[in-house]
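Colleague: Once you've had a glance at the structure underneath, I'll fire off some questions.
The values are calculated or read from the model by the stated rules, or taken from the named source; none is laboratory data. Note that the coordinates shown come from a computational prediction; the quantities given were computed from them, not determined experimentally. Heads up, the Cβs are rebuilt from the backbone with ideal geometry, glycines too, and the neighbour counts pull from every protein chain shown. Only protein heavy atoms, including side chains, enter the accessible area calculation; ligands, DNA and RNA are left aside. Shrake-Rupley method; radii C 1.70, N 1.55, O 1.52, S 1.80 Å.
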Amino acid sequence: MLCVVTTPQDLDERFREAVGALTASTVRRAPEEPVRDGGTLDGERAQALFNAQLVSRHLDLAARWLRSFGEGYYTIGSAGHEGNAAVALAVRPTDPALLHYRSGGFYCARAAQAAAPGAGGGPDGGRLSHQVGIAERVAQALSGQDGAGATGPHPTTGVGDPEGASDALLSAARDVLRGVVASADEPVAGGRHKVFGNSALAIVPTTSTIGSHLPRAVGLGFAIERQRRRSDARTPGARRPAVGLARSRADTGSPWPVDAIVICSFGDASVNHATAVAAFNTAGWCDHSGLRIPVLFVCEDNGLGISVRSPEGWVANTLRAKPGIRYFAADGCDVVETYDVAVEAAAWVRRHRRPAVLHLSTVRLMGHAGADAEVAYRTSAEIARDLARDPVVATARLLVEAGLATPEEVIARYDEIGWQVRKVAEEVIGEPKLDSAADIVAPLAPRRPVRVARAITEAANRAAGPGAAARAAAFDGRLPEDAGPLTLAQTINAALADGLVEYPQMTIFGEDVAVKGGVYGVTKGLRERFGATRVFDTLLDETSILGLGLGAGLGGMLPVPEIQYLAYLHNAEDQLRGEAATMQFFSRGAYRNPMVVRIPGLAYQEGFGGHFHNDNSLAVLRDIPGLVIAVPARPDDAAPMLRSCLASAVVDGSVCVFLEPIALYHTRDLYVEGDGEWLAPYVGPGGWSASHVPIGRARVYGVGSAEDVTIITFGNGVRMSLRAAATLAKEGIGTRVLDLRWLAPLPVADIIREASATGRVLVVDETRRSGGVGEGVVAALVDAGFVGSARRIAAIDTFIPLGPAAQRVLVSEEAITQGARTLLAR
């Protein structure tokens, strides 16, 4: 029976049988001595690790028990991976960790470690320098260093009651089990998902998307190092920081200690995933380029991706071959070896501020999850081999052989902790669940428009007052409000410069944005004026660009990445959907990744294009909960809308997409050549409050009597609709043209008001007919009970062809004019 273990009962029996067969040692090692010859893990830490492993194991058993009668909703466990607890003790409790869903041992060990007297705090309290302790000293000894810089002893890891779990471990168990039962009292996600996350433990919650958190980890490492260097630059004698208003009231530093490293764990199957490959490549590319990325990747390799085996040697060869990433390996079922190698790896990353990967060989017990019958794809011999390497049994054997416990004492401790965890499981069953849509979506995308407006007013006051000199210096004395009417591209450039002045933590990055100044010149001159640390080029990989933004936002920066073309977003969109948009949702706002993503896009470029440069598909963005989508059509809207996005990112942690219509970048005229009516003067700080554009508010133009038909549109459609409205006015038809400006959230109140004013609505949608913006507008009208006439004009469901043929599938002025006439003829 034991050779085909797939159930909690069998695993429990196996532990008792294996430990019961051990013989008590006649030699007892002191708690402060190494628990095994040749290793550095002492008895005290070994006891602490064992307690964390036992809690993790019993959490898996409890999750299966809860599921057996319908009270548990998550059974992916950590059984067989509990050796990762040793990694937790090898790093600092203030090092941010993004954990694999099998890193339960790490989570439990981190909880005990953080609660110990003298341990460093999490993001809120980890600003003080952490003492260099045994972990660093061991690594220094292993590498022949003299240990210079050590300032004191490593804080105790806190064994707690040797017969049971400490209060910190039981608190961790309660956190995890609340997640399993979807309790609204779960401290990080609040019952929205079962995650390993806790802001007090510096553990950032991650989703179950395979490998998608690795690009964020690279970005976070980049942010920590960048903020550390900014801090160094502020010391006497250091070089001056980039242009920006230094304000004591604003916290522009990192929420993590300046010498922190990022811990990022993942499974072996993830090394094949595109997002993981992108993260490794970016970390190596940065290292090769001289950029420091202090990230310790931890690969927990059990040889299986659900039922698919990783080919023998594939993972090790793959990880070893990653350029710029130092490779370490250990038996993840042996806590002594894991601890020693993890200590060495972590100290190497911390000292050199460079990336490394720790490859742990583990086993997977009880299958992938509760519903997985692994006997269908694994032989009895394979399962038995994994059982023989059970890391919890291995640690029990270690303690017994060291004379730190007898077999009977180990089993007693196992039972005591099992009873404590089961008691907690019984208690959390009755806790409240999320029971209203309002409660569920509350942390998704908080909107505080009054605070955003106030932030813009305060920024205007600073820019016009104490920061006037810094602002003038940033523009080399040539303020944009004195330059005359500007194009859309010029206005965005000026607004970005004002943002860089106002927010010292703001950075602009992407493909070709720095030296070249952007493909269309939108970021021209910003690198020269603000420096290469604030405006810089990246490698050509959209996943990595967004991942860099995700980590930078998490690390206290205000990232403004650019995706060069809308079509290029699609191979990286999960970084927005699965990572950016879920952060506040799965952490109840404890963590956030403020970000404004600039994307040149939409169609109608003349003389240049084809599908990849004229993409008109926005469906993937409109479907992401909480995402803000701004589409400025005119220069006088672009600057205030960009200011709103930046302020919302800072105030509410918003993730915004600022979609810039390429065809309108350099447009100057509206009706006739030379009229200059698509240009607009840049508004200086004195007018920022009055010109503020709140998120989710539209703009209305009245043409003629404005009483006959309402045209609802956005982007390129605004210019075409205004031109069509001028033609209709000559026929005596009065038109209201409503520029949505915001595609998410849609300005529903403005839509209903303007539609009701005429009773006739023409929706002009330059995106595709299926999945386009127009569908949302029409649905809003139906939901509001609109009883007038409505018609929709949209692009054809196709990719955009090259050259003049594009006009055959896109919305045209003629189609708008004829659509309005048809609507009036009904």
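Colleague: When the convex hull of the Cα atoms of region 575-691 is projected onto a plane and the area is averaged over all directions, what value comes out in nm²? Can you show the working numbers first?
Modeller: On the way: hull surface 36.4 nm².
Here the figure is 9.1 nm², rounded to one decimal.
Colleague: Give me Rg/Rg_expected for the chain, where Rg uses Cα atoms only and Rg_expected = 2.2 N^0.38 Å with N residues. Provide the component values of the computation, followed by the final result.
Modeller: Numbers: Rg = 29.6 Å, N = 826, 2.2 N^0.38 = 28.2 Å.
Taking N as the residue count of the chain, the ratio is 1.05.
Colleague: Could you tell me the extents of region 329-437's C-alpha atoms along the three principal axes, largest first, rounded to whole Å?
Modeller: Taking max minus min along each principal axis of the Cα atoms, region 329-437 gives 49, 46, 36 Å.
Colleague: Let me know the shape class of region 381-425, please: from the alpha-carbon gyration tensor, a ≥ b ≥ c as square roots of the eigenvalues, rounded when a/c is under 1.5, otherwise prolate if a/b is greater than b/c, or oblate. Write down the numbers at each step before the final one.
Modeller: Details: a/c = 3.27, a/b = 1.20, b/c = 2.73.
It comes out oblate by the Cα gyration axes.
Colleague: For region 660-702, just say rounded, prolate or oblate: build the C-alpha gyration tensor, square-root its eigenvalues into a ≥ b ≥ c, call rounded for a/c under 1.5, and beyond that prolate if a/b exceeds b/c, oblate if not. Spell out each step's value before the answer.
Modeller: Numbers: a/c = 1.93, a/b = 1.58, b/c = 1.22.
Prolate shape, in that a/c is at least 1.5 and a/b is the bigger ratio.
Colleague: As a test of the formula, what do you get for the chain when each DSSP H run with n ≥ 4 contributes -39,500 (n - 2.57) and the sum is divided by the residue count, at 222 nm and rounded to the nearest 500 deg cm²/dmol? List each step's numbers first, then the result.
Modeller: Working: 25 runs with 316 residues, N = 826.
Dividing the helical sum by the residues of the chain leaves -12000 deg cm²/dmol.
Colleague: Taking K and R as +1 and D and E as -1, what net charge do the other residues with C-beta under 13 Å from the C-beta of residue 308 add up to? The partial results should precede the final answer.
Modeller: Numbers: positive: 309, 364, 378; negative: 268, 372, 374.
Taking every Cβ under 13 Å from that of residue 308, the sum is 0.
Colleague: Report, in degrees rounded to the nearest 10, the 0 to 90 angle that the Cα long axis of helix 748-758 makes with the longest principal axis of the chain.
Modeller: Relative to the chain, helix 748-758 is tipped by roughly 20 degrees.
Colleague: For the chain, give the share of DSSP beta bridges that are antiparallel, in percent and rounded to the nearest 5; count only bridges with both residues there. Don't skip to the answer; put the middle values down first.
Modeller: Details: 14 of 70 bridges.
Given both bridge residues lie in the chain, the antiparallel proportion sits at roughly 20 percent.
Colleague: Show me the ranking of peptides 809-817, 191-199 by mean Cβ neighbours inside 10 Å, starting with the highest.
Modeller: Details: 809-817: 18.3, 191-199: 23.6.
Peptide ranking by packing, descending: 191-199, 809-817.
Colleague: I want to check a number: in the chain, how many lysine pairs have alpha carbons closer than 22 Å, given a sequence separation of 8 or more or different chains?
Modeller: Values: 194/423; 194/433; 423/433; 516/524.
Final tally of qualifying lysine pairs is 4.
Colleague: Which value, to two decimals, describes the C-alpha radius of gyration of region 434-549 once divided by 2.2 N^0.38 Å? Numbers along the way, then the final one.
Modeller: Working: Rg = 17.6 Å, N = 116, 2.2 N^0.38 = 13.4 Å.
It is 1.31.
Colleague: Still on this model: What does the net charge come to around residue 353 if you take all other residues with beta carbon closer than 9 Å to its beta carbon, with K and R at +1 and D and E at -1?
Modeller: Working: positive: 228, 292, 350, 351, 354; negative: 225, 259.
Residues near residue 353 contribute +3 overall.
Colleague: Let me ask something else about it. Using only C-alpha atoms and all pairs of different ones, pull out the Kirkwood radius for region 417-493 in Å with one decimal. Please list the in-between numbers first.
Modeller: Details: mean 1/r = 0.0547 Å⁻¹.
For region 417-493, the Kirkwood estimate is 18.3 Å.
Colleague: Any chance you could give the angle, 0 to 90 degrees and rounded to 10, that helix 335-352 forms with the longest Cα principal axis of the chain?
Modeller: 40
Colleague: Amide H neighbours of residue 712 under 5 Å, counting only residues 5+ apart in sequence or on other chains, H built in-plane at 1.01 Å?
Modeller: Those lying under 5 Å, H to H, from residue 712 are 738, 762, 763, 764.
Colleague: Net charge within 13 Å of residue 688 by Cβ-Cβ distance, Lys/Arg positive one each and Asp/Glu negative one each, not counting residue 688 itself? Kindly include the intermediate steps, with their values, before the conclusion.
Modeller: Details: positive: 454, 462, 471, 643; negative: 458, 481, 498, 502, 636.
Value of the local net charge: -1.
Colleague: Also, I was wondering about something else. Just how large is the dipole of the chain about the Cα centre, in debye to the nearest 20, putting +1 at every Lys and Arg Cβ and -1 at every Asp and Glu Cβ?
Modeller: Values: 82 positive and 91 negative charges, 422 e Å.
For the chain, the charge dipole is close to 2020 debye.
Colleague: Using the Karplus curve 6.51 cos²θ - 1.76 cosθ + 1.60 with θ = phi - 60°, work out ³J(HN,Hα) for each residue of region 304-319 in order, rounded to whole Hz, and write x for Gly and Pro.
Modeller: Those phi angles translate into 9, x, 6, 10, 8, 7, 7, x, 3, x, 5, 5, 4, 5, 5, 5 Hz.
Colleague: Ranked highest first by average number of other Cβ atoms within 10 Å, how do 473-479, 540-546 line up? Could the numbers behind the result be given before it?
Modeller: Values: 473-479: 13.7, 540-546: 23.4.
The densest-packed peptide leads the list: 540-546, 473-479.
Colleague: Could you work out how far helix 488-502 tilts from the main Cα principal axis of the chain, as a 0 to 90 degree angle to the nearest 10?
Modeller: That works out to roughly 40 degrees.
Colleague: Then there is this: Which order do 58, 570 take by accessible area at a 1.4 Å probe, largest first?
Modeller: Numbers: 58 20, 570 65 Å².
These residues rank, largest area first, as 570, 58.
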